[in-house]
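Enquirer: Following this message is one structure expressed as structure tokens.
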């Protein structure tokens, strides 16, 4: 196998961009600078002369000008004028005129050099002469000065940097930073010296202070920081105040990212070369909850006194009764009924009872998403936050704090709101600062508990609960328990639904269900919680759509060009020949592209793609996959065209085609000449079809579904001008487009006004197209709550728990989910006269939502059936489910054991490129069900870590509990995987295509099909989940690899700081340097 030299490969644009954002002081060659040599030959840059200008001015008198006929090479008239300026008595006026006059005059290099030479020959300030000639400066500091201040060899900066600094820089905050926050004596001295001059508050003293700041900083003699870091200190100081940030941006447009990297570098360099980790004793276990006093003292604001009394409605009292009696239960009630208030009452009652009995109690409230952590924490705090200490933990906190004692933060509180995966990780870890136990908690609340199934972290938490002897009380909250795998449209499968609901009870250790059954309470529930009217409105697409028809014909054209290559691949996988024929637009009687958006085409294309990807390796596979990807982009455009005016769909297509051309095809070197010609032909066709489609958009602007949407909006406005309307869409990319279109449409502007439409999408995609950060999401929701916007476009992120203001109308814009989504979306319409409307493009969408409606009805019917059972009957039913669940778990463990025995062969994993050993197959572990990690301490040998090249793939930390710390490379330059930090321990992940397998005899396995971890674990070896002992083994594995350790820490800190800067809730400096 030919080895590729990855280091000789041409740099990509992303790699170049990454290099540009690196710290210049770390990547420069200080010996390249020739400034000192030029100074000795009396050739000075004009900006350098201007920096020292105030010190020159102090030496010059008008007589010097009058007695020197060609002073600075000036004409007699210019010299006379300059002399007159020097004779002005008012220092402030004289300084201002001199600065303005010379700033322009000294732009001429000859005059600037004459000026400097006169000073060097006649000036008396020897210190400034030496500084001017670079006689006391370190080479690195000089190179930075040349690059950033003088702008020599730096294409990003300007040629008037000194003029800007000396004329405009506001120094108060910069001096404050140097004196109080730089934590460096040399910078403190500079700050005090500059402040003494600055505080004279004259024009000339301000000029001198600004120049002196730069001169002194580039000559700083620091014991803690390298001399070349002086400019980074300057940028950090500038970033502290709005009045100084423009200068920082002018000098370095990427100053914020540069500051992040610099502070992270300092922090990484200040850390010890080895990790100091304290482990828990493996034999240690707890027999009762550890008291909060063991972990510190609570804030003064928590006084233990009962907060202002709150009252529950009658139906809420019924919902809370069983939980307050200590039973494990699932509270099932409609959206908007106040389940959170029920939970708060249960929590307060639990903690007060334990307090009366002098027993330690601690509550954990699990929520499935990070935004819900913030929301539920605030709600609980507002109600009982002065009586009980309420904390929170979601994973986002790591971006704002260097405190690693997560266990203390949780265990010091009475109530902790958190995401479940964090909890699972802390149960697993052997690290003392991270370790918690199930027995530390006396009550667990599961919000949106219907998620407790399969591999969801809720179910993993409960699996750990079932294993321990010290079990807490369990309370689940949900509006939609679901119905399970009910089949059919017109048939109600009550038995299957009952089995599903009792199965959820079994997984949550619940012995009962709490719902509203009392007739009086039911009446009260109906008064306070709306039951929106469901309405289905079919809006079929036009039978003729020229735009869609031409695009579908183009898809036919690509398909035809694929056929010869598919036929060749069918020799390797015969099933391809059977599946390669797909529905064609040219044969359809309906000319609207619908043949390409139907399930027959989409399912067929998915099957074909899967066959080509998994079953073939021959020449032609890459080209076919690219063509399929292009067809998929066209399919997405057709789907958008059904919902939007054609011009918006075209804009999306143009953007996608551009990405396809530049990212997928540009520089492609894996194709044969024939394939390259075919690819080039397809690309030319795309350019032609774009031209055609631009001329057809006017024929496809009018969409019946949009007309109906605006009709609903206007009708709602007429009924209630203050209405709030929530519109659900399926895809993130459609939300911002629909928001812009609706927001600017005359029908909306004429009713609600301008800027009355907003949108929210998922917050775990903020670094990618169409995603939103949590800050943006929270701002939009707040504006919707306050009535600043009346129409909110949302994806599924608004379905569960997010506190969306009560609204009058929910519109599902050809967007449906399952029966749980049906209940949750409908529940967002909380006004008593509200309604929920589905705008459906086709019959399938209507039918699926009809099924969801029937399932929701069936779910409520089953809950009533369970409620009508006696307590013993329900317990027996749940117990049967629990026994069946335990039997299945036992069978699965045995099946896994037998399977692992069958795949007992040990393989050596070697680098796919150079053949260097990475580890053995027995060293691999599965972390959190989504990372394959290596637990082999010697795997670091011959590797290095770099920041991820493609910034789109950087972690946003919204959904991941691991911290991303860079790409992990083999010594040959091949990426092996990623480096992540789990708890306080670094682990390398392994990419599925980064290695080859060979057996212990040295024979390589020939894996012909597409490599996936699923395929590897089914055919070669199994990968067990990570255990506490694995974490112990890897905890100190980087002690012998200091360079990798420091790189990992630096990248981690950079990413965390970037995350914090984007989040509105993080308002203070992030990294403490010393």
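The values are calculated or read from the model by the stated rules, or taken from the named source; none is laboratory data. Just so it is clear, the structure is predicted and the values come from calculations on it, not from any experiment. For neighbour counting, all protein chains shown are included, and Cβ atoms are generated from backbone atoms with ideal geometry for every residue, glycine included.
Enquirer: Pick from 666, 672, 723: which is touching a strand residue (DSSP E or B) at 6+ places or on another chain (Cβ under 8 Å), modelled with pLDDT under 90 and farther than 23 Å from residue 598 by Cβ?
Expert: The match here is 723.
Enquirer: Restricting to the range 261-315, give me the number of residues that are touching a helix residue (DSSP H, G or I) at 6+ places or on another chain (Cβ under 6 Å), part of a helix (DSSP H, G or I) and modelled with pLDDT of 80 or more.
Expert: 5
Enquirer: Restricting the first residue to the range 788-815 and requiring it to be assigned by TED's automatic domain parsing to the domain that holds residue 447 and in a helix (DSSP H, G or I), which pairs with a second residue that is modelled with pLDDT of 85 or more and buried (at least 21 other Cβ atoms within 10 Å of the Cβ) meet a Cβ separation below 9 Å and a spacing of at least six or different chains?
Expert: Between residues of the range 788-815 that are assigned by TED's automatic domain parsing to the domain that holds residue 447 and in a helix (DSSP H, G or I) and residues that are modelled with pLDDT of 85 or more and buried (at least 21 other Cβ atoms within 10 Å of the Cβ), there is no close pair.
Enquirer: Same structure again: Within the range 435-455, can you find the residues that are more than 13 Å from residue 328 (Cβ to Cβ), touching a residue at least 12 places away in the same chain (Cβ under 8 Å) and part of a loop (DSSP other than H, G, I, E, B)?
Expert: Across the range 435-455, the qualifying residues are 435, 436, 437, 441, 448, 453, 455.
Enquirer: Could you grab me the full set of residues in the range 959-1008 that are closer than 20 Å to residue 928 by Cβ, assigned to a loop (DSSP other than H, G, I, E, B) and at pLDDT below 85?
Expert: 959, 960, 961, 962, 983, 984
Enquirer: Sticking with this structure for a sec: I need every pair where a residue in the range 849-870 that is closer than 17 Å to residue 518 by Cβ has its Cβ under 6 Å from the Cβ of a residue that is part of a loop (DSSP other than H, G, I, E, B), sequence separation at least 6 or different chains.
Expert: 863/515; 867/515; 867/517
Enquirer: Filter the range 93-145 down to residues that are at pLDDT 75 or above and assigned to a helix (DSSP H, G or I), then give me how many there are. Steps first, answer last, please.
Expert: Our first condition is that a residue be at pLDDT 75 or above; within the range 93-145, this holds for 108-145.
Pick out the ones that are also assigned to a helix (DSSP H, G or I) and you get 109-122, 126-132, 139-145.
Number of matching residues: 28.
Enquirer: Only residues that are at pLDDT 85 or above, out of contact with any strand residue (DSSP E or B) (no Cβ under 6 Å at 6 or more places or on another chain) and either surrounded by 14 or more Cβ atoms within 10 Å (Cβ to Cβ) or not in a helix (DSSP H, G or I) (or both): list them for the range 523-545, please.
Expert: Result: 524, 525, 540, 545.
Enquirer: Then there's this: Can you name the condition, by its number, that residue 678 falls short on among (1) surrounded by 18 or more Cβ atoms within 10 Å (Cβ to Cβ); (2) touching a helix residue (DSSP H, G or I) at 6+ places or on another chain (Cβ under 7 Å); (3) in the same structural domain as residue 814 (by TED's automatic domain parsing)?
Expert: Exception for residue 678: condition (3).
Enquirer: Can I ask one more? Considering only the range 328-341, I want to know if a residue exists there that is assigned to a loop (DSSP other than H, G, I, E, B) and at pLDDT 95 or above.
Expert: Here is the first cut: in the range 328-341, the ones assigned to a loop (DSSP other than H, G, I, E, B) are 328, 333-338.
From what's left, at pLDDT 95 or above: 328.
Checking the range 328-341: at least one residue is assigned to a loop (DSSP other than H, G, I, E, B) and at pLDDT 95 or above.
Enquirer: Looking at 591, 580, can you tell me which residue is in contact with a strand residue (DSSP E or B) (Cβ under 7 Å, 6 or more places away or on another chain) and in the same structural domain as residue 682 (by TED's automatic domain parsing)?
Expert: Exactly one of 591, 580 is in contact with a strand residue (DSSP E or B) (Cβ under 7 Å, 6 or more places away or on another chain) and in the same structural domain as residue 682 (by TED's automatic domain parsing), namely 591.
Enquirer: Of all residues in the range 592-610 being surrounded by fewer than 19 Cβ atoms within 10 Å (Cβ to Cβ) and in contact with a helix residue (DSSP H, G or I) (Cβ under 8 Å, 6 or more places away or on another chain), which is nearest to residue 553 (Cα to Cα)?
Expert: Restricting to residues being surrounded by fewer than 19 Cβ atoms within 10 Å (Cβ to Cβ) and in contact with a helix residue (DSSP H, G or I) (Cβ under 8 Å, 6 or more places away or on another chain), the top hit is 602.
Enquirer: Collect the residues in the range 513-522 that are outside any loop (DSSP other than H, G, I, E, B) and either closer than 30 Å to residue 886 by Cβ or touching a residue at least 60 places away in the same chain (Cβ under 8 Å) (or both), keeping them in residue-number order.
Expert: 513, 514, 520, 521, 522, listed by residue number.
Enquirer: Which one of these does residue 322 not meet: (1) assigned to a helix (DSSP H, G or I); (2) out of contact with any helix residue (DSSP H, G or I) (no Cβ under 8 Å at 6 or more places or on another chain); (3) under 23 Å from residue 390 (Cα atoms)?
Expert: Exception for residue 322: condition (3).
Enquirer: Quick one: count up the residues across the range 690-715 that are farther than 11 Å from residue 547 by Cβ and assigned to a helix (DSSP H, G or I).
Expert: Residues in the range 690-715 being farther than 11 Å from residue 547 by Cβ and assigned to a helix (DSSP H, G or I): 14 in total.
Enquirer: With respect to the numbered conditions (1) at pLDDT below 90; (2) in the same structural domain as residue 428 (by TED's automatic domain parsing), which one is the sole condition not fulfilled by residue 474?
Expert: (1)
Enquirer: Kindly indicate whether any position in the range 503-512 is free of Cβ contacts under 8 Å to residues at least 40 places away in the same chain and either buried (at least 22 other Cβ atoms within 10 Å of the Cβ) or assigned to a loop (DSSP other than H, G, I, E, B) (or both).
Expert: Looking through the range 503-512, none of the residues is free of Cβ contacts under 8 Å to residues at least 40 places away in the same chain and either buried (at least 22 other Cβ atoms within 10 Å of the Cβ) or assigned to a loop (DSSP other than H, G, I, E, B) (or both).
Enquirer: Return the residues of the range 244-258 that are outside any helix (DSSP H, G or I) and either outside the structural domain of residue 186 (by TED's automatic domain parsing) or modelled with pLDDT under 85 (or both); say none if nothing qualifies.
Expert: Of the range 244-258, the ones outside any helix (DSSP H, G or I) are 244, 252-254.
Answer for the range 244-258, where residues must be outside any helix (DSSP H, G or I) and either outside the structural domain of residue 186 (by TED's automatic domain parsing) or modelled with pLDDT under 85 (or both): 253, 254.
Enquirer: Within the range 923-940, count every residue that is surrounded by fewer than 17 Cβ atoms within 10 Å (Cβ to Cβ) and out of contact with any strand residue (DSSP E or B) (no Cβ under 9 Å at 6 or more places or on another chain).
Expert: Qualifying residue count, the range 923-940: 1.
Enquirer: Then there's this: List the residue pairs whose Cβ atoms are under 7 Å apart, where the first residue sits in the range 909-924 and is in the same structural domain as residue 975 (by TED's automatic domain parsing), the second is part of a helix (DSSP H, G or I) and crowded, with 16+ Cβ neighbours inside 10 Å, and the two are 6 or more positions apart or on different chains.
Expert: Hits for this filter: 909/921; 918/939; 919/939.
Enquirer: Would you mind finding the one in 820, 739, 769 that is under 27 Å from the mean Cα position of the chain (by Cα), outside the structural domain of residue 643 (by TED's automatic domain parsing) and at pLDDT 85 or above?
Expert: Sole residue among the options that is under 27 Å from the mean Cα position of the chain (by Cα), outside the structural domain of residue 643 (by TED's automatic domain parsing) and at pLDDT 85 or above: 739.
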